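What follows is a single structure, written as structure tokens, with notes after it.
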Amino acid sequence: MESRLSYFGNPLGAKVLKHINSANKVVTDSTLPTAVQELVKLRASQINGCGFCTDMHSKDAAHAGETQQRLNLVAAWREAKVFTDAERAALEVAEQGTRIADAAGGVTDEAWANAAKHFDEEQLTALISLIAVINAYNRVNVINQQPAGDYQPGQFG
């Protein structure tokens, strides 16, 4: 499989990614727990069918110490006993925030209230921002048909 164009090597694409990467860095440096960040990125990427990001974030999470069992169960988190209540709340917001068209109204008040039990305002802001950023990355990669499988943890800095 080949990507449709060299988005990463294109001057305009590089400028766009520079700004998306800057937004991602702000979220990465926030107080939202790293494990939550990786789980959310992985789940949104699965929903969006982004092989490149699914590959990247499963490898990054494993490299950061995430267990294979938890990574295997992200797609079925509702039935899995291995996630904390806070992680479940974040995954629910991530799913609803990613499936806006399917959710008829976006994130429900119930899902938001549950997340607010576990995260403070800065963390909730980071969660919203993370969902927006990973969805942007997913769309770039899916539209461009960016191939998956060759990513190495830390490859992008």
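The values are calculated or read from the model by the stated rules, or taken from the named source; none is laboratory data. Here the structure is a predicted model, which is why all the values come from computation and not from measurement. Virtual Cβ from ideal backbone geometry, glycine too; neighbours counted across all protein chains shown. Heavy atoms of the whole protein, side chains included, go into the accessibility calculation; ligands, DNA and RNA do not. Shrake-Rupley method; radii C 1.70, N 1.55, O 1.52, S 1.80 Å.
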On the given criteria, is S22 more than 22 Å from T125 (Cα to Cα), open to solvent by less than 70 Å² (accessible area, probe 1.4 Å) and out of contact with any strand residue (DSSP E or B) (no Cβ under 7 Å at 6 or more places or on another chain)? no
Which residue is surrounded by the most Cβ atoms within 10 Å (Cβ to Cβ), if the candidates are limited to region 148-157 and must be touching a helix residue (DSSP H, G or I) at 6+ places or on another chain (Cβ under 7 Å) and not hydrophobic (A, V, I, L, M, F, W, C)? Y151
Residues of region 71-81 classified as in contact (Cβ under 8 Å) with a residue 12 or more places away in the chain and open to solvent by 30 Å² or more (accessible area, probe 1.4 Å), total: 1
By residue number, the members of region 87-103 that are of a type outside the set (V, I, T) and surrounded by fewer than 18 Cβ atoms within 10 Å (Cβ to Cβ) are R88, R99, A101, D102, A103
Any residue in region 142-153 that's more than 10 Å from L5 (Cα to Cα): show its pairings with residues that are surrounded by 14 or more Cβ atoms within 10 Å (Cβ to Cβ) and of a type in the set (G, A, S) at Cβ separation under 6 Å, as long as the two are six or more apart or on different chains. A148/G51
Out of all the residues in region 37-45, is one or more free of Cβ contacts under 8 Å to residues at least 60 places away in the same chain, more than 13 Å from N135 (Cα to Cα) and not acidic (D, E)? yes
Please find, among G49, G106, the residue that is surrounded by fewer than 21 Cβ atoms within 10 Å (Cβ to Cβ) and at pLDDT below 95. G106
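Starting from residues that are open to solvent by less than 40 Å² (accessible area, probe 1.4 Å) and either in a loop (DSSP other than H, G, I, E, B) or touching a Gly at 6+ places or on another chain (Cβ under 6 Å) (or both), keep the ones in region 109-132 and report whichever is nearest to A86 (Cα to Cα). Don't jump to the end; show me each part of the working.
Narrowing region 109-132 to residues open to solvent by less than 40 Å² (accessible area, probe 1.4 Å): 111, 115, 119, 123-124, 126-127, 130-131.
Now restrict to residues that are either in a loop (DSSP other than H, G, I, E, B) or touching a Gly at 6+ places or on another chain (Cβ under 6 Å) (or both): 119, 131.
Details: F119: 8, I131: 16 Å.
Going through the qualifying residues, I end up with F119.
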